[in-house]
Amino acid sequence: MNNSHPETGNQDFIEFDCPQCNTRLKVALANAGKQAKCPNCEAIVDLPQNTLTDPGGNIPDGPVILNDQKESAGNDDLAAGLSHENPAATSSSSAATTNPTSGTQVENGGSWSRPAITSDLLKDTPTRQLYQKITMEISKLFVGQPELVQGTLVALFSGGHVLIESVPGLGKTLFVRTLAQVLGCEFGRIQFTADLMPSDVTGAPIFNMKTQEFDFRPGPVFTQLLLADEINRSPAKTHAALLEIMQEKNVTVDGTTHQLDPPFLVMATQNPIESEGTYNLPEAQLDRFMFKLIADYPSEEQEADILQLHGGQSDLDRRLSEDVQQVTDSAEILEITRSNSTVNIEPSLVDYINKIVRKTRSWPAFYMGASPRAGIALMQGARTLAAFQGRDYAVPDDVVEISLSVLRHRVMLTAESEVEGKNVDQLLRDLIRTVEVPRIKD
C-alpha cells in the first residue's frame with residue numbers, strides 16, 4: 001500500500017502536538033484543515049494543513065495519541081459538533097482572502113485554517129505553563145466543558161466577567177469552587193431570589209451598641225470569585241447593585257467607597273428553559289459581561305466519568321483540599337494579567353475587530369448591534385488567548401474563537417428574526433464570514 005501524497009510525496013499522515021496538553025497526535029491527511037477533539041484532554045483543536053511524515057502503516061480517521069498511549073474513538077471525534085470550516089474563512093468580496101499565518105491565498109467560498117502550533121512555534125512562557133497547570137488541576141474534579149473552562153480563564157486574566165447559560169446540575173458551583181482552590185482565591189456564592197435586596201448583596205451599616213455608631217458589614221460580594229446563581233430571578237434594583245461592582249470593582253454605601261480585593265470575577269448563571277418568575281437582565285448589565293458562555297450536557301463518555309468520579313459519598317471539601325493543588329496566587333494572576341497587555345495586535349487585526357463589531361449594527365437580522373465595549377473585549381480576550389498558547393502576538397483565529405462569546409449577548413434580534421426562530425450564533429457566523437481576514441506577519 002502506497003501512503004505517499006501524489007503531489008508532495010509525503011505520507012498521508014499529519015503528526016502534531018495538541019496545543020492544550022502537548023500530546024503527540026496523528027491523523028489522516030484527508031482530515032487536514034478540519035477541527036477535531038483531542039482524545040486526551042478533549043480540547044477542540046485545528047488540524048494542520050501542512051503534512052509531517054510518519055512511518056506508521058495505518059491511516060486513522062480521528063486523532064490518535066502516539067507513544068503507546070490510548071487511542072481515540074475514531075470518526076466521532078472529528079466533527080465534535082463544530083463545522084469543518086472556520087467561520088471567518090469566507091470573504092463577501094470576489095477577491096481571495098489570505099491565511100493570516102501562512103499567507104496562503106484562498107479563493108472566495110473556500111476556507112483557511114492556521115497551521116499546527118508545534119513546539120517549535122510555541123514558546124514555553126510562564127503564562128502558558130500556568131494555564132496548563134490550572135486546567136490540569138481543574139480536570140481532577142471537573143469533567144469536560146472545555147469552552148467553559150477556557151472562557152472563564154480568559155475572562156479572569158483579562159479582568160472581565162462571564163454570564164453562563166445552562167440548565168441546572170452541570171457542576172457550575174463545583175467548577176467555581178475548584179477554580180478558587182487552584183487559584184488560591186476566596187470563593188463566594190449568592191443565590192438570587194425575587195426578594196433579594198441590594199443590601200443583601202453589597203452589605204449594609206449595622207448599629208454597634210458598644211460604640212453607638214454604625215459599622216459597615218460587608219456583604220457576600222466581598223470575595224474574589226463570585227458565583228451569582230440564577231441572577232435573572234432578582235428584580236432590576238438588585239441587578240443595579242452589581243453594575244458598579246462589576247465595572248469599578250468597588251462598593252459605595254452611605255457615601256463611603258469600599259474596594260474589593262483583586263482579582264475579582266463574577267460568574268453569573270441563568271436557566272435558558274424556565275422563564276416563570278424571572279426578569280430579563282437589562283442591556284446595561286449584559287454589556288458588563290465580557291463573555292456569555294453556553295454550557296451543554298456532557299457527552300456519554302464524560303457523563304460516565306462524572307459518575308465514576310462523583311458517584312460515591314466522599315466529602316467534597318476534603319477532596320478539594322487533598323486532591324486539588326493550589327498552583328498560583330492573587331499576585332501572580334495580577335502580574336500575568338498585566339503582562340498580557342504586551343501581546344502584540346497589529347493594526348490590520350484591530351481593523352478586523354472593528355469591522356466585525358461595526359457590522360453588527362447594520363446587519364439586517366439585528367435590531368441592536370454591539371457596543372465599543374465588545375471590541376475592547378475582543379482585543380483583550382485575543383491577547384489573553386494568544387498568551388495562553390505561548391505566543392506574543394494575536395492572530396485572527398484568536399478573535400474568531402471568542403467572537404461568539406463576546407457578541408451573542410450584545411446583539412438583539414429584530415422581531416422578524418425572532419418570529420422566524422433564527423439562531424443568534426448562526427447569524428453571527430454568517431456575519432463574520434463576510435469580513436475579509438487580514439494577513440498577519442509572524
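Nothing in this text is a laboratory measurement; each read-out follows from the coordinates by a stated rule. A quick note: this is a predicted structure, and the numbers were derived from the prediction, not measured. Cβ: placed from backbone, ideal geometry, glycine included. Neighbour counts: every protein chain shown.
Values computed for the structure shown
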| quantity | calculated |
| --- | --- |
| log10 of Debye I(q)/I(0), alpha-carbon scatterers only, for segment 220-322 at 0.16 Å⁻¹ | -0.91 |
| Tensor-based shape of segment 264-362 (alpha-carbon gyration tensor, a/c under 1.5 rounded, otherwise prolate or oblate) | oblate |
| Expected-Rg normalisation [2.2 N^0.38 Å, Cα atoms] applied to segment 140-335 | 1.09 |
| Ascending count of other beta-carbon atoms within 10 Å, so fewest first, for Leu47, Leu286 | Leu286, Leu47 |
| Distance from segment 364-440 to segment 146-201 (C-alpha centre basis), Å | 22 Å |
| Cα-projected label distance for Arg358 with Met197, points at 7 Å along beta-carbon direction, nm | 4.9 nm |
| Cross-link pairs beyond the 25 Å C-alpha cut-off, checked among Lys37/Lys140; Lys26/Lys292; Lys172/Lys292; Lys140/Lys172 | Lys26/Lys292 |
| Nitroxide proxy distance, nm - points 7 Å out along Cα→Cβ at Val350 and Arg217 | 5.0 nm |
| Relative contact order [Cα under 8 Å, 6+ residues apart], segment 283-442, whole percent | 29 percent |
| Eligible lysines near Lys133 by straight Cα distance, threshold 19 Å, same-chain separation 8 or greater | Lys123 |
| For segment 368-442, the fraction of alpha-carbon pairs in successive 10 Å shells from zero, as % | 18, 45, 27, 8, 2 |
| Alpha carbon convex hull of segment 286-332, volume per residue in cubic angstrom | 168 Å³ |
| Förster-model FRET efficiency, 22 Å R0, Ser314 and Thr173, C-beta, rounded to 0.05 | 0.85 |
| Cβ crowding within 10 Å averaged over residues, with 217-224, 158-165, 251-258 ranked highest first | 158-165, 217-224, 251-258 |
